[in-house]
Amino acid sequence: MTSWFKRIAPKLIPGEKKKNIPAGVWIKCPECGETLYSKDLENNLKVCLNCTYHFRLTSEERIAQLTDHGSFHELFRGLTAQDPLKFVDSKKYKDRIKAAVSKTELEEAVTVGRCLINGHDTCLCVFNFRFMGGSMGSVVGEKITRAIEYSIDQGLPLVIVSASGGARMQEGVFSLMQMAKTSAALNRLDKARLPYISILTDPTTGGVSASFAILGDINIAEKGALIGFAGPRVIQQTIKQDLPKGFQRAEFLIEHGAVDMVVSRKELKSMVSRFFDMILQKENKLLA
Amino acid sequence: MFVLEFEKPILALKSKIEELKRLQEDEKIVLTEEIKKLEKKSKELEITTCSNLSSWEKTQLSRHPLRPFSLDFIEKCTEGFIELHGDRQFRDDPSIVGGFCKIEGISFLVVGHQKGRNTTENLKRNFGMPHPEGYRKALRLMKLANKFRIPILTLIDTAGAYPGIGAEERGQSDAIAVNLREMAGFAVPIICIIMGEGGSGGALALGVGNRVLMFEHSIYSVITPEGCASILWRDGSMAREASKNLKYTAQDLLGFKIIDQIIPEPLGGSHNDPQKALYSMKEIILSNYKELAKLSGTELIEARYQKFRQIGEFVEAS
């Protein structure tokens with residue numbers, strides 16, 4: 001008994017506690033406050049075991065959850081942002097990019113690839129919100145457009161998983177024009193009659209929500225996701241009123257008819273493949 | 001009278017000239033030399049001021065309440081305007097106006113943002129900031145034009161799509177995005193003109209054209225300088241700083257090859273002589289239309305696609 005007390009006692013000294021526990025082992029749910037063991041959380045697709053709050057995913061985690069193991073092959077690598085505006089706020093834009101690259105170990109805010117989703121050969125684009133808020137500049141717009149054109153060229157269905165604050169301010173009007181570019185490409189995909197599933201995850205707002213993200217043949221909102229054109233803070237400042245509870249959350253969007261369904265993370269992959277199973281019939285004479 | 005800061009020294013000189021002229025008239029003193037000198041000075045000042053306007057001064061000009069608006073163009077430069085209303089789903093949004101008209105005998109579908117000049121008008125027009133039904137009305141009219149193979153003219157002048165609860169409930173994102181996608185597919189010439197403010201997605205939703213033209217003192221931006229300042233500097237009063245960074249003047253955009261042409265304004269801005277500004281605009285619309293009219297529907301769609309397809313600045317590793 002004494003030895004047990006001796007062992008535990010030092011950990012109770014204030015300030016020492018954090019040192020002895022490896023960082024990131026315990027994670028507090030921002031929704032219900034429950035302390036979760038990180039391994040349990042990861043095994044549960046980063047969904048709170050207590051309240052089903054959906055934690056944000058990195059693009060790597062999303063790809064792992066959504067695609068058949070080992071099937072993802074990345075496309076259109078090696079595109080680097082330029083700084084046409086020579087934009088400087090508290091930091092230079094070029095430095096922001098460098099910081100985002102080293103933080104995320106990604107090239108840009110979107111990753112594109114070809115993969116299998118329960119056996120369906122698919123072109124997949126996945127945003128990473130940790131890369132400058134998943135914002136869309138020239139590179140993101142170009143990669144999304146290439147993905148759409150690749151889908152048309154290869155006759156593949158398209159899935160885009162959005163998580164983005166919108167157009168990237170630091171590239172100014174170049175970012176704005178990516179909305180037109182990507183949407184125009186979707187016009188072509190539409191004419192090619194290839195299916196496009198848009199998965200809107202937390203958060204999808206601004207110029208991304210007002211272009212390709214809302215233009216899916218079917219729009220799937222991930223449970224709890226914030227989705228909207230204007231951010232809640234901007235709306236609040238404009239109308240000078242409190243916003244209703246649940247405003248711009250996935251459940252608000254389905255209620256107002258903006259998305260086809262709200263799906264929890266566990267059901268996402270099977271929903272995508274079920275939709276493809278339904279409409280991508282091998283021998284459809286009506287398509288001839 | 002609405003006077004901008006940089007206009008004050010010019011106006012001061014001009015009123016001095018007026019005063020001297022009155023003096024000459026009333027007191028019968030010969031002041032011709034002095035008047036001539038001052039007139040020369042005033043002209044020179046006006047020219048140097050107006051050729052060195054900062055991005056912030058251009059922002060103020062682009063928002064000037066006496067600039068020509070969509071309905072001014074329609075009234076002064078078109079004939080037989082038949083205004084059409086409503087999105088057939090929710091309501092008629094007065095912050096976007098549209099209908100068929102003729103310009104020098106050629107039929108056009110014209111659709112544009114409409115701001116107000118005073119409080120009453122602005123309440124009606126919602127300061128030119130559309131709700132989803134405005135964009136859906138615009139789309140409905142453009143589809144009609146496409147169906148009857150009538151060229152489309154869009155007039156852009158908005159701070160942005162309205163950020164409000166109703167706008168979100170009715171799908172602001174969807175309304176804008178669908179316009180972007182559908183405009184890419186119309187088999188008729190589309191000419192887009194930034195009249196004053198080209199604010200973000202709310203402007204672009206009328207902006208997918210074969211030709212995109214801007215007035216000399218107009219702006220076209222991904223976000224308002226105020227919005228940019230409040231996000232990046234956490235301080236809306238840094239708008240001037242943001243306006244420098246955003247590089248959104250007509251001259252910047254022509255340099256970036258994002259727009260095709262600049263429509264010249266009368267010295268000091270269109271509000272000094274709206275009629276003259278509108279006349280230049282009409283001439284430029286017609287000359288652009290004549291070039292586009294040579295293309296087939298398929299060629300127009302392809303050219304429009306390629307125009308937007310090539311926009312973007314990046315480096316690709318070989």
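FYI, it's all coordinate maths here, none of it is from the lab. This one's a predicted model, so the numbers in the text were calculated from it and none came from an experiment. Note that we place each Cβ from the backbone using ideal geometry, even for glycine, and neighbour counts take in every protein chain shown.
Numerical summary
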read-out: Pairs from A:Lys91/A:Lys143; B:Lys58/B:Lys137; B:Lys16/B:Lys40; B:Lys8/B:Lys41; B:Lys76/B:Lys115; B:Lys36/B:Lys276 whose Cα-Cα separation, in the structure shown, is over 20 Å; value: A:Lys91/A:Lys143; B:Lys58/B:Lys137; B:Lys36/B:Lys276
read-out: Antiparallel DSSP beta bridges within chain B, percent to nearest 5; value: 40 percent
read-out: Within chain B, longest stretch free of exposed chymotrypsin sites (Phe, Trp or Tyr not before Pro) [DSSP loop, at most 13 other beta carbons within 10 Å]; value: B:149-318
read-out: Point-to-point label distance, A:Glu105-B:Arg240, nm (Cα→Cβ direction, 7 Å offset); value: 4.6 nm
read-out: Cα gyration tensor, segment A:58-283 - rounded (a/c under 1.5), prolate or oblate; value: oblate
read-out: Candidates A:Phe129, A:Phe275, A:Phe212: whichever shows maximal mean-square fluctuation once chain A is modelled as a Gaussian network with Cα springs under 10 Å; value: A:Phe275
read-out: Top of A:His54, A:His120, A:His256 by mean-square fluctuation, Gaussian network on chain A, Cα under 10 Å; value: A:His256
read-out: Whole-number percent relative contact order across segment A:58-283, with pairs defined as alpha carbons under 8 Å at least 6 apart; value: 16 percent
read-out: Net charge dipole size for segment A:62-153 [Lys, Arg +1 and Asp, Glu -1 on Cβ; Debye, nearest 20]; value: 480 debye
read-out: Considering only the protein assembly as shown, percent of DSSP beta bridges that pair antiparallel, nearest 5; value: 45 percent
read-out: Calculated [θ] (222 nm, deg cm²/dmol) that DSSP helices of n ≥ 4 give over the protein assembly as shown, each run adding -39,500 (n - 2.57); value: -12500 deg cm²/dmol
read-out: Label-point separation, B:Ile82 to A:His69 (7 Å along Cα→Cβ), nm; value: 6.6 nm
read-out: Relative contact order for chain B, counting Cα pairs under 8 Å that sit 6 or more residues apart, in percent; value: 15 percent
read-out: Among A:Gln170, A:Gln236, A:Gln82, residue whose mean-square fluctuation peaks in a GNM of chain A (springs only between Cα atoms under 10 Å); value: A:Gln236
read-out: Cross-link reach list, aspartates and glutamates versus A:Lys191, counting only Cα pairs under 15 Å and skipping chain neighbours closer than eight places; value: A:Glu149, A:Asp153, A:Asp217, B:Glu182, B:Glu302
read-out: Radius 11 Å from Cβ of A:Gly134, net charge of other residues (Lys, Arg +1; Asp, Glu -1); value: +1
read-out: Segment B:173-260: trypsin sites (Lys or Arg not before Pro) in DSSP coil with no more than 15 other Cβ atoms inside 10 Å; value: B:Arg234, B:Lys257
read-out: Two-site FRET efficiency, A:Lys191 against B:Leu66, from Cβ-Cβ distance with R₀ of 41 Å, rounded to 0.05; value: 0.35
read-out: Those aspartates and glutamates that a straight Cα-Cα span of less than 16 Å connects to A:Lys28, excepting residues fewer than 8 apart in one chain; value: A:Asp40, A:Glu42
read-out: For B:Ile194, distant residues with modelled amide H under 5 Å away; value: B:Ile156, B:Leu213, B:Met214, B:Phe215
read-out: Selection of trypsin sites (Lys or Arg not before Pro), segment A:79-149, meeting DSSP coil and at most 15 other Cβ within 10 Å; value: A:Lys86, A:Lys91
read-out: Under 12 Å, Cβ to Cβ, from B:Lys115 - net charge with Lys/Arg +1 and Asp/Glu -1; value: +1
read-out: Sites B:Glu44 and B:Leu4, calculated FRET efficiency, Cβ-Cβ separation with R0 22 Å, nearest 0.05; value: 0.70
read-out: All lysines inside 18 Å of B:Lys257 as judged from Cα atoms, apart from same-chain residues fewer than 8 positions distant; value: A:Lys86, A:Lys181, B:Lys247, B:Lys307
read-out: Segment A:207-288: trypsin sites (Lys or Arg not before Pro) in DSSP coil with no more than 16 other Cβ atoms inside 10 Å; value: A:Lys240, A:Lys245, A:Lys282
